[in-house]
1. Please give the Cα centre distance for region 26-101 versus region 152-170, rounded to the nearest Å.
2. Taking only Cα atoms of region 1-122, what ratio of Rg to Rh do you get with Rh as the Kirkwood inverse-distance radius?
3. Calculated from DSSP H runs of 4 or more alone, at -39500 (n - 2.57) each and per residue, what is the 222 nm mean residue ellipticity of the chain, nearest 500?
4. Say R0 is 35 Å: what FRET efficiency, to the nearest 0.05, do VAL141 and SER87 get from their beta-carbon distance?
5. Where both residues lie in the chain, what percent of DSSP beta bridges are antiparallel, nearest 5?
6. Rounded to the nearest 10 degrees, what's the angle between the helix 157-174 long axis and the longest principal axis of the chain, both from Cα atoms, 0 to 90?
7. List the relative contact order of the chain as a percent without decimals, with contacts defined as Cα pairs under 8 Å and 6+ residues apart.
8. For the pair LEU160 and ALA127, how long in nm is the line joining their label points, each one 7 Å along Cα→Cβ?
Amino acid sequence: GLARVERSGTCADQRLAPDQVHDLPLFASFERIAEHATLTSGRWPDAGHDPLEATLSDGAARSMGLAVGDQIPLVSRLEPPQTVSVSIVGTWQPLPDDPYWLGDPLELDGLAPGDAFTTRGPLVVAAADLQGRIAGRSLDVQWRAIPSVGGLRVADVGALRGRLEALGSALGTVLPGSID
């Protein structure tokens, strides 16, 4: 199936001085996440609440020291002073070996260490909140297509390859701008 995944830029805990910031959470929205993860506590977030409702993977919750019911004030690193208060309403565990997650350590384990900062999260929110309250000018959008290989035959591989090679230029036609 096809699923839309959106990520924001990083943010920081508003309570910390800039020179004390070493952990950078980010927000994401995963279309059909409930099909690819098991809720371990609480519930999935609803759009339009103040504070903003979010869930965390079990790994991200441990990494960030957060649990259901906790609130955290965050400020955008790209567009200060954009701030948002977030309430954790649930935690989840990604389904093991599900190709939906693309082996991404941030999505699977809740952290991605870097040279100067560690990215944590993502804080998973409703798509409407990510687009309307978080994104600002920058939002990374991906479409994840997980093919159903059960119906694929050796004779179909050539045609499939041709369609995949044409996909980049087809997307460039309908989505102007930079496509990576």
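1. With region 26-101 and region 152-170 each reduced to a Cα centre, they are spaced 36 Å.
2. 0.95
3. Values: 3 runs with 30 residues, N = 180.
Only helices count here, giving -5000 deg cm²/dmol.
4. Efficiency for this residue pair is about 0.90.
5. 70
6. Value to nearest ten degrees: 50.
7. So the answer I get is 31 percent.
8. In this crude spin-label approximation the distance works out to 2.6 nm.
Just so you know, all these numbers are worked out from the coordinates, no wet-lab data involved. The model shown is predicted, which means the values in this text are computed figures rather than measured ones. When we count neighbours, we look across all protein chains shown, and the Cβ atoms used for this are built from the backbone with ideal geometry, even at glycine.
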